[in-house]
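K.L.:
Below: one structure in structure tokens.
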Amino acid sequence: MTEPTGNVPAVGGLAPGAAAGGLVPSESAVTEQSAAPAVNAVADQVGEAAVVKSVAADRGALAMEAVELNKVFKLGRGATLQAVRNVSFNLYQGAVIALVGESGSGKSTVAKLLAGQERPTSGQVIVDGKPIDVRNTRSFRHYKSQVQYVFQDPFSSLNPVHTVGYDLTRPVKLHQPGVKDVPAAVIALLEQVRLTPAAQFVVKYPHELSGGQRQRVSFARALAAQPTVLLADEPVSMLDVSIRLEMLNLLDDLRTRLSLALLYITHDIASARYFADEVLVMYGGQIVERGPAEDVTQHPAHPYTQLLIASAPDPDNLGSSLRAGNVVVGPGGAIAGKAGNVGPAQVGCPFSNRCPLADDKCRRENPALQLLTPVRAAACWRLDVAASPVASGSI
Amino acid sequence: MAPILEIDDLSVAYRSEGGDVHAVEHVNLTLNAGEVVGLCGESGSGKSTLAYGATRLLRPPALITGGSVRYRGRRITQGGDPADILTMSHRELTRIRWREVAIVFQSAMNALNPVLRVQDQILDAITAHLKLPRHEAREKAATLLDLVGIPRDRLRAFPHELSGGMRQRVMIAMALASDPEVVIMDEPTTALDVVVQRDILAQIVELKETLGFSVLFITHDLSLLLELADRIAVMYAGRLLETGTASAIMRAPAHPYTQGLLHSFPSLHGPRRELVGIPGTPPDLRDTLSGCPFIPRCSHAVPACSEVDMSLAPPNGAGDGPDRPGLITAGNHLTACPIVTPEEVSQEGVLS
């Protein structure tokens, strides 16, 4: 399972049409879902994706499964964009999974697929053993009460003409029909997100609140549905640094108390280290590395993760590589140059056009996730070089 | 190093029905030639107002209520007396703006005109401030793009055809159009992701080294400044709370607010530590604040804090002992807090 098979049919699938057309999945991939496809149904990644044991599983019961998700957007004039490719992971009660990547890496599309806002081109989202069905209104409403979404921008996600009370009363009435005393439930929600004194906030409009307070209202609105899964798409990136930590601590507290399964989407890998159990690193629509947060951030295996970590502002590194120029050196000896203005490569490994270790194979064939340890995996042909400290077991 | 821009006792207020909002209160800040000064503060702390006030770019209801701003650019003063930006005539001001002091505005997405090609916007900046024949101006625009690492063929691109990082580079290119001595950068990398952000910061440092301008870098992200800036000024509720070299601020933050900020961002290296953030929200700037504006959020607050006059002075216990030579030196590291002693943060980022 760890060995890349490099099988011929999969390589064949990468041939001209698929590569240029953005890898449109076949009919069969859309309709049938086999548990362990012998040949990759989408035929874009070479080798079978490794099955990784999530460290988050120790936290609690399985809450949600994303199985082999693919999303292809049609751009018009026959052009397509594969925003998400073969993304599989699980969310567990009381655990935080962080999805890390740059803008355009597909992390928000994954969240939209999980929330049912977009339909996957192939693959399934499974909650309680049942795949979601957006066509059945009743079951989809039930689904939405289980899975809630927190948006990035608290300045545009709250309607400016509605009070906080109105924003919270509606979901309470909709998702908790048994509740008699709705105002009391609203107050309780506000107290849960520590907007106190709660009675004072019920009558306020968004423009009367600070960014942090607004985002708390967003959290309260999501919690009003009493969800089991919370999808938080960059919940703190629009907030001031001094407030971010408070919000993360609040989220952390909520997931423990309510045993929420939390998907934390961010481009800030340092906060993922602080906050998450498992980190999934996305690049060019696919997961390029996953594993326990501490392992991935301290000993990144994939050259992209190494670049990401080397690029994060590091206050412990005074007068640093910034002054030495653009070159950053990863722990595996990988030297990634300028991000420049290049997007992910269309053929082969998506990172191959920026990767210092890329060779001909990388430019030709897209690697699937390979197991590094039972809880870690990375999608890279050059792991022997890039991840030597990880592979040799020196961590 | 010679001072090039001296902000002296500057105060700015926004007139409103509910009373004046004191956005900037008695701020002193000096930018030396060839230096990167980082101005750090949360939203609403007055950092942008300070920069725009110092360049007289504010419009009513903003009103400069006191202070002076002296500019000592070589081309303007020729070694003579500095020019006072706040009292000069509009003609003199036009000469200084962009040619001497240029600004990279926040959010390139909004600062670039979506219906004009990049070329036309850069040409606008060039022709408005330099008298150049058309073909020379075109050549200059292309050279500017080279300078910031964008291929020349993108001159004819519209802003929406460029990535966020490229748009920000175009903004930087425009600011450098007339070889300014001072470049004010207002959150130039806030909307970008870390890899692109690092690229752009490295480029700014490189351009600064080759072209020799000074930078006033405004951001809410202290962790960026610790790497980028020579000196850092921490602003809160319209006042400067602390100034010092990046290493002094990093290793021995003297104001409780700075100490809080340093404990607010998760670190990628070293042991995982418990992070607390800064509870509470900034004060309403309409109120007349007596003493330190940070009192409600400060865990060290004592009754004497409401008597503090908020002038900057060497930190309490400065120069203490031989165990921290050079870190805290009078005149270099200044704080508005006379109560708290600097907190030593060891190099591993763990509290000692």
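Values in this text are rule-based calculations from the coordinates and carry no lab data. Every value quoted in this text rests on a predicted model; they were computed, and no experiment measured them. Because the Cβ atoms are built from the backbone with ideal geometry, glycine has one as well, and the counts that use them run over all protein chains shown.
K.L.:
What does the structure give for B:267-274 when I average, per residue, the other chain Cβ atoms found within 10 Å of the residue Cβ?
P.N.:
6
K.L.:
Taking every eigenvalue of the Cα gyration tensor of segment A:36-151, multiplying by 5 and rooting it, what semi-axes result, largest first, whole Å?
P.N.:
The answer is 23, 19, 15 Å, longest axis first.
K.L.:
Step through the table entries A:112/A:180; A:107/B:208; A:53/A:74; A:74/A:112; A:71/A:173, compare each Cα-Cα distance with 26 Å, and write down the pairs that go over it.
P.N.:
As for pairs spanning more than 26 Å Cα to Cα, those are A:112/A:180; A:107/B:208; A:53/A:74; A:71/A:173.
K.L.:
Under a Cβ-Cβ cut-off of 15 Å, what is the net charge of the residues other than residue B:113 that fall near it, where Lys and Arg count +1 and Asp and Glu count -1?
P.N.:
0
K.L.:
Here's a follow-up. Can you give the mean number of other chain Cβ atoms that lie within 10 Å of the Cβ atoms in peptide B:220-231?
P.N.:
For this peptide, the per-residue mean of nearby foreign Cβ atoms is 4.
K.L.:
Given R₀ = 45 Å, FRET efficiency for residue B:146-residue A:77 by Cβ-Cβ distance, to 0.05?
P.N.:
0.85
K.L.:
Among bridges DSSP assigns within segment B:128-271, what percent are antiparallel (round to 5)?
P.N.:
If we restrict to bridges inside segment B:128-271, about 55 percent are antiparallel.
K.L.:
D for chain B, whole µm²/s, Stokes-Einstein with Kirkwood Rh over alpha-carbon pairs at 10 °C and 1.306 mPa s: what number?
P.N.:
Calculated translational D: 74 µm²/s.
K.L.:
Quick one, can you get me the convex hull of the C-alpha atoms of segment B:166-245 expressed as volume per residue in Å³?
P.N.:
In segment B:166-245, the Cα convex hull volume per residue is 104 Å³.
K.L.:
OK, next. Give the peptides B:14-20, A:60-66, A:200-206, B:235-241 in descending order of average Cβ contacts within 10 Å, highest first.
P.N.:
B:235-241, A:60-66, A:200-206, B:14-20
K.L.:
Provide a whole-number value for the mean count of partner chain Cβ atoms within 10 Å of the Cβ atoms in peptide A:270-276.
P.N.:
Per residue, the number of nearby Cβ atoms from other chains is 4 on average.
K.L.:
Taking segment B:72-175, how much of its Cα-Cα pair set, in percent, is spaced more than 22 angstrom apart?
P.N.:
Percent of Cα pairs beyond 22 Å in segment B:72-175: 38.
K.L.:
Around residue B:39, what is the net charge, scoring Lys/Arg as +1 and Asp/Glu as -1 over all other residues with Cβ under 13 Å from its Cβ?
P.N.:
Cβ neighbours under 13 Å give a net charge of -4.
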